[in-house]
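Remarks on the structure that follows.
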Amino acid sequence: MKRTLAASAVLLYAFLHAPLLVLAMFSFNQGRFTVWEGFSLRWYEEAWRDARLVEAAANSLWIAATATLLATVAGTLCAYGLWKRESRMLMTALSVSLVTPEIVTGIALLALFQWLFRYAGLQLGLHTVILAHVSFCLAFVVLVVLARLRTMDAALEEAAMDLGAREWEAFLRVTLPNLLPAVLSAALLAFTISFDDYVITSLVAGVDTETLPMVLYAMARRGGSPVVNAISTVIVVLLGAGILLAEGLRKKP
Amino acid sequence: MNTRLRAAALAPAAALMIATVGVPFAVLAAYAFQSRGAYGGVVPPWTLENWQRLADPLYLGILLRSFFVAAVSTALCLVMAFPLAMAITRSGRWKNLLLALVMLPFWTSLLIRTYAWMFLLRDTGLINSLLLKAGLINEPLPLLYNWGAVVLGLVYAHLPFMVLPLYAALERQEPHLLEAAADLGARDWQAFWRITLPLAAPGIRAGILLVFIPCLGTYLIPDLLGGGKTILAGTLIQNQFTAARDWPFGAAVSLALMAAVLVLLWLEARRREEPLL
């Protein structure tokens, strides 16, 4: 039994990790084809020289940074409010947003924007993408921060108020500092989800805005190239490092 | 408690949820009961026609197929995740590292993890290259752009969702139970079927839900790994809003999919003492 378990665990870890490792390995391949021809950084150089890719990456960074900031602020405040007293309706809305399939979220937002823009002369673009990202990141932020708040002692804030602090002072000077690791971890999670999104983004981006996942998707659908391997490797390494950092922060007491 | 502060704290999130969840779904609901315009817009009269079309064998078939593909992927995830979760529970001081290793690919990027399989499976991909080089095959095997590749991608992407709740359920089990069973003469597999498995039931149910729901609404994985030949509910919705330009019908499919997801969640939430989220 024990040996069967260990053997199946090894196989399953290989299944989980080998595809990404192989993908990363061939990003350093000299040749274009899936035959090892020696080490080279040429695909990284090629990615870096591709103006369309660099612009898309800049868009993605800007969208993710803005959406993360907004979702983290709104989500942290929301978690704080819910911690004080539950709101069934808001919790339900957040849960619905969490379980809605991405394609449905994207279509629903697209329908909303089209409907709005019939009356106002606006267009799809960066701003609609950012709004969509704030929306789908919010529930994740609330979830992470609320989980941390539920382990905290409400008496701390009451003690601060007994000693003369106003409620918002107690929040800013007692609760928030205690909450900071969870807030940072939520922000990193939001950043990851935002930076990675293709389905919703491609629907609400309009024709002039392109993000990195959109370019990668187009390249993948055309059959892919080692450049996709190179960009993938950079993204996986950076996001992986961010998530490990977030996990470390969250575990801190 | 100062309710003004609480109201102010909730206001931004509440406004956002109304604007980006409440109103859009209301718009979709209004679309789903209207007709398709000559140029693809949404026009009155109000009608139930879009809902009747859902019963059309063509579309019903796609919806049933989505359920079937999600069910197969979920079953495979369960079969693979169970030994993995058991091994992690019994790994002593390696536990945290092994858990992190399950989580890591899950947090990286769905698009990239799916592309990794394209890279392995395509005609010029690694598997075919190696097999050709070894002389085992003369022409590339058609590994990509079929249902097998789609299910493989779904299992790969959602395996961690199954491992975590299983691990949480197994971790809570008292190891003495298995020792007692062994003392009383139970074999390993008897103890597994009659103790480990029944006690893991809540974790199994949570895992099934966490895998089945995203699989049901998947769009990206069948689009990339199925190469447009594998139509599921997500593909159908996307198609109505782009190529087919039939927004009312697309809205009806979206709402039907959403209803399926919410009913599944509701059924599970009713059985649990603690909230799902």
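A few comments on the model shown:
- C-alpha long axis of helix B:201-216 to longest principal axis of chain B, angle in °: 40 degrees
- Förster-model FRET efficiency, 45 Å R0, residue A:85 and residue A:10, C-beta, rounded to 0.05: 0.40
- Chain B shape via C-alpha gyration tensor axes, a/c threshold 1.5: oblate
- Amide H within-cut-off set for residue B:42, under 5 Å, with H built and near neighbours excluded: B:37
- Per-residue Cβ neighbour counts within 10 Å put A:185, A:27, A:225 in the sequence A:225, A:27, A:185, beginning with the fewest.
- Shape call, the protein assembly as shown: gyration tensor on alpha carbons, a/c limit 1.5: rounded
- Kyte-Doolittle mean at least -0.5 and Cα axial length at least 24 Å: DSSP H helices in chain A: A:2-25, A:51-84, A:126-149, A:176-196, A:226-251
- By the count of neighbouring beta-carbon atoms within 10 Å, fewest first, A:63, A:235 end up ordered A:235, A:63.
- Local charge for residue A:231 was computed over the other residues whose Cβ lies under 13 Å away, with Lys and Arg +1 and Asp and Glu -1, and equals -2.
- Inter-part distance, segment B:128-202 to segment B:11-50, computed on C-alpha centroids, equals 42 Å.
- Highest-MSF residue in chain A out of A:62, A:168, A:83 [GNM, Cα springs under 10 Å]: A:168
- Dipole-positive endmost among A:174, A:76, A:243 within chain A (Cβ charges, Cα centre): A:243
- Number of partner chain Cβ atoms within 10 Å, mean per residue of A:74-82: 6
- Within segment A:150-253, the proportion of Cα pairs with more than 24 Å between them is 49 percent.
- The overall shape of chain A is oblate: from the C-alpha gyration tensor, with semi-axes ordered a ≥ b ≥ c, the ratio a/c is 1.5 or greater and a/b is no larger than b/c.
- Restriction of the trypsin sites (Lys or Arg not before Pro) in segment B:194-257 to DSSP coil positions whose beta-carbon has at most 12 other beta-carbons within 10 angstrom yields B:229.
- Neighbours of residue B:141, meaning other residues whose beta-carbon lies under 14 angstrom from its beta-carbon, give a summed charge of 0 when Lys and Arg score +1 and Asp and Glu score -1.
- With a cut-off of 15 Å between beta carbons, the residues surrounding residue B:73 carry a summed charge of +2, where Lys and Arg count +1 and Asp and Glu -1.
- In terms of other Cβ atoms within 10 Å, B:95, A:84, B:133 run from fewest to most in the order B:133, B:95, A:84.
- FRET efficiency, residue B:131 to residue A:122 (Cβ-Cβ, R0 60 Å, nearest 0.05): 0.65
Every number in this text was worked out from the coordinates using simple rules, so none of it is lab data. Everything numeric here is computed off the predicted structure, so don't read it as measured data. Note that each Cβ is placed from the backbone with ideal geometry, even for glycine, and that neighbours are counted across all protein chains shown.
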